[in-house]
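Student: Take this structure first; my questions come after.
No lab work stands behind these numbers, since they all come straight from the coordinates. Since we're looking at a predicted model, the values are computed, not measured. A quick note on method: Cβ atoms are made from the backbone with ideal geometry, for glycine too, and the neighbour counts reach across all protein chains shown.
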Amino acid sequence: MGPAVDGRKAERDAKGLVAEIYDTIGRGKTDSLFSLLSERIVVFGPRQTDAMKTRTDALVALGKLVDPRAKKHAALHSAGLDVVASPGGHSAWAFDVANIDGHPVAVMAVLSNASDLWLVGAVVIVIAILSFFGLR
């Protein structure tokens, strides 16, 4: 694992990873995500068929949703990303209610840091029903 990482630096770097992922998806470049995801990533949701346990499976599924040949890609915006680094800065939790083409989705991810390289290890995505919680 290595020496402890400053908590603020860990949060900043972890947020940078999520921002890079959002930008990459927004440009329709899903292949560019390969180096940002753990080989054994676990992905859940939003549908039952959206459960995956490898980076390849996750990227193939995402590639079906994000067409790199499309002239206009899905608009992906963060509505308030929050990242909390663990003591020692070797992992972090990321939470967001993102907006994809006008549809709110709640995203939770577990990120890991090894030798200053941040990767996504797990993701849960759910369709947000904001009106139920009085947020919309």
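Student: In whole Hz, with x marking every Gly and Pro, tabulate ³J(HN,Hα) for segment 116-125 from phi via Karplus 6.51 cos²θ - 1.76 cosθ + 1.60, θ = phi - 60°.
Tutor: Values per residue, Gly and Pro as x: 6, 10, 8, 9, 8, x, 7, 9, 10, 10 Hz.
Student: Another question about this same structure. Mean-square fluctuation check for the chain, GNM, Cα pairs under 10 Å: which of D96, D57, D116 is largest?
Tutor: D116
Student: What nm value, rounded to one decimal, do you get for the distance between A61 and L81 when each label is placed 7 Å out toward the C-beta?
Tutor: Label-label distance for A61 and L81, simple model: 2.1 nm.
Student: After finding the eigenvalues of the alpha carbon gyration tensor for the chain, what semi-axes result from the square roots of 5 times each, listed largest first in whole Å?
Tutor: 24, 18, 14
Student: For a quick check, take a GNM of the chain with Cα springs below 10 Å and name the residue from A114, A106, A85 with the largest mean-square fluctuation.
Tutor: The residue with the greatest mean-square fluctuation here is A114.
Student: Using r as the Cβ-Cβ distance of W93 and D31, and R0 as 25 Å, what FRET efficiency do you calculate, to the nearest 0.05?
Tutor: Plugging the Cβ-Cβ distance into 1/(1 + (r/R0)^6) gives 0.40.
Student: Next up: Under the rule of -39500 (n - 2.57) per DSSP H run of 4 or more residues, summed and divided by the residues of the chain, what mean residue ellipticity at 222 nm is obtained, to the nearest 500 deg cm²/dmol?
Tutor: About -7500 deg cm²/dmol.
Student: Between S115 and T54, what's the calculated FRET efficiency when r is the beta-carbon distance and R0 is 22 Å? Round to 0.05.
Tutor: After rounding, the FRET efficiency stands at 0.45.
Student: In addition: Any idea what diffusion coefficient segment 81-120 gets from Stokes-Einstein, in µm²/s, Kirkwood Rh on alpha carbon pairs, 37 °C, 0.692 mPa s?
Tutor: Rounded, D is 298 µm²/s.
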